[in-house]
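S.K.: Please see the structure below; I have some questions.
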Amino acid sequence: MSRSNRQIYHSYDRGNFNFGDEIKKCNLYKYIDYKSLKEIIKNFNLLLSDPTTTNDPFEMLLTGYYEQSPILSKYRILCLSRNGSSPTMWAHYSGQHSGACLEFEFDGRPFYFSSKNKKINIQGICIEKICSENKKHSVPYHGLAYDIIYSENRVKVDRFTHNNVMNMALTLFTTKSTEWSYEQESRFIFLPKPGNKEAIGDSSDHLMPFLKRIILGTKTTNTQQKEIKSLLEQYDRPKISITRASIHRDKYEINID
C-alpha cells in the first residue's frame, strides 16, 4: 500500500484500521420488493435505515439496557448481504420471491479494525474506488462494508469501550444475535460529520455506480421483466443487466446465475 493510502486509512482514537494488499472482485446483494425496485431505478439511490427503527429489537442495545439512546437516530445504516441466493432472505425481504435482489460488484480490499487491547476485532471490505477518491478524509466511512459479528451475548460496556465512544459505537453497529446469522450481513455505517447536530439524509447513491445486475424473483412475471427493462431504458441505465432467479431442480436452493 502506498504511503498516501496509509495516511488515508488512519485510526480511531485507540484502534487502527489495517488494509490488506490484495484487491479482488467483490459482490454484495440488496433484497427489495418490486415497488422499491422501480423507485430505485427512477431515483438511482438506496434508502438508508434509522438504527432505532429496524426489525431487530436488540439493535444497538447494550447489556443491561432496555431502550436505545436517542443519539442513534442521527446515524444511518445500509444493510446488504454477501449471499444473493438465500431462500429465506428472498422470502423475508423480496416480497416472498416476487421482488428483486440487486447485485453490486466492485474492486474490494479487506480491512481490519483492532483496538490496542485486542478486545475489539472487526473486519470487512473497502470499496477501493470510493476509498481512493476520498483522500481528504481520514477514513472513508461510506466506503467500508463491515461484516456483522453474530454473538449469543449482547455487547457489554467495560472500562475500555466506556472511555472510547467510537470503539463502543463500532462494536454496537457490528454485533447482532446469532439468530440473524442466515443474513450474512455486510453493513455500511453513515456517521454525522463532526459538529453537525443534524441527522444524515435518508438515502445514498454511493453504491449505485457499482450496480451490475437486477435479479428478479422466481414469482415475477414476464410482464414485470419487460416493465423493468423499459424503466432502465427510460432512465438511461444501459449497463445494468436483468436476470430472473430460478428454483433448483433437486435441492432447496435458489439459482441466480
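S.K.: For the stretch 45-61, give me the residue count where each residue is touching a residue at least 40 places away in the same chain (Cβ under 8 Å) and either within 16 Å of His142 (Cβ to Cβ) or crowded, with 17+ Cβ neighbours inside 10 Å (or both).
M.R.: 8
S.K.: Quick check on my filter: what residues within the stretch 101-134 are at pLDDT 90 or above and among the polar types (S, T, N, Q)?
M.R.: Result: Gln123, single match.
S.K.: Cβ-Cβ below 6 Å, separation at least six or inter-chain, first residue in the stretch 151-179 and at pLDDT below 70, second part of a helix (DSSP H, G or I): which pairs?
M.R.: Thr161/Asn167; Thr161/Met168
S.K.: Related question: Being closer than 16 Å to Leu172 by Cα and either surrounded by 20 or more Cβ atoms within 10 Å (Cβ to Cβ) or modelled with pLDDT under 85 (or both) narrows it down to one residue among Tyr75, Tyr93; which is it?
M.R.: Only one candidate passes the filter, namely Tyr75.
S.K.: Name the single residue that is surrounded by the fewest Cβ atoms within 10 Å (Cβ to Cβ) among those in the stretch 217-243 being farther than 22 Å from Gly95 by Cα and among the basic types (Lys, Arg).
M.R.: If we take residues in the stretch 217-243 being farther than 22 Å from Gly95 by Cα and among the basic types (Lys, Arg), then Lys239 is surrounded by the fewest Cβ atoms within 10 Å (Cβ to Cβ).
S.K.: Is it true that Arg237 is out of contact with any His (no Cβ under 7 Å at 6 or more places or on another chain), modelled with pLDDT under 95 and outside any helix (DSSP H, G or I)?
M.R.: Here the answer is yes, as Arg237 does meet what is asked.
The values are calculated or read from the model by the stated rules, or taken from the named source; none is laboratory data. All values reported here derive from a predicted model rather than from experimental measurement. With ideal geometry, Cβ positions are generated from the backbone for all residues, glycine too; neighbour counts draw on all protein chains shown.
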